[in-house]
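Notes follow once the structure below has been shown.
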Amino acid sequence: MVSAKRKKFPDGGVQAPKPSASSTTIQSFDGITAIQEHLEHIGLLKDYLCARTKKIPDIPLTCYAECQVAQWKHSENFKECANRALIDTACKRCEEFHEIASQSVLLTKRDLPEPVSVVLQSALDFQNASKSYQLALAELYVECRLNQ
């Protein structure tokens, strides 16, 4: 049996292999994959923000095209989750994260010396927004599993 190769994250975590292309329909909300995709995006952002790369990562203005929550919310399978407020919270936290990530990228791109307090607050806001979004994804995942 051949095991699939896992990607390593900068913080030492690993990502499970993605499902095959034949399973493109979202059957139910896959919170684990959503969190893994978020962590992969965080890795790209951190690489840019920490000057490990000059390639600016994509930061969508809206997450409807790529976000698993938004894709699932607009699918037939959306009815499996009875807690609409939880879904709205996850979407709001996703938008907040993207806004803060955009601000962090703009601060880095400007390449101007910033006061230490501004840099630290930006990093703290970025980290808190990411954790808040991950928590919302995990809560949504658990809620959907309970309702199946």
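The values are calculated or read from the model by the stated rules, or taken from the named source; none is laboratory data. A quick note: this is a predicted structure, and the numbers were derived from the prediction, not measured. Ligands, DNA and RNA are excluded from the accessible area calculation, which covers all protein heavy atoms including side chains. Shrake-Rupley method; radii C 1.70, N 1.55, O 1.52, S 1.80 Å.
Side notes on the structure shown:
- Within the accessible area of segment 92-148 (1.4 Å probe), percent carbon and sulfur: 58 percent
- By the rule of a C-alpha distance below 16 Å, with chain neighbours fewer than 8 residues away ignored, the aspartates and glutamates paired with K55 are E40, D47, D111.
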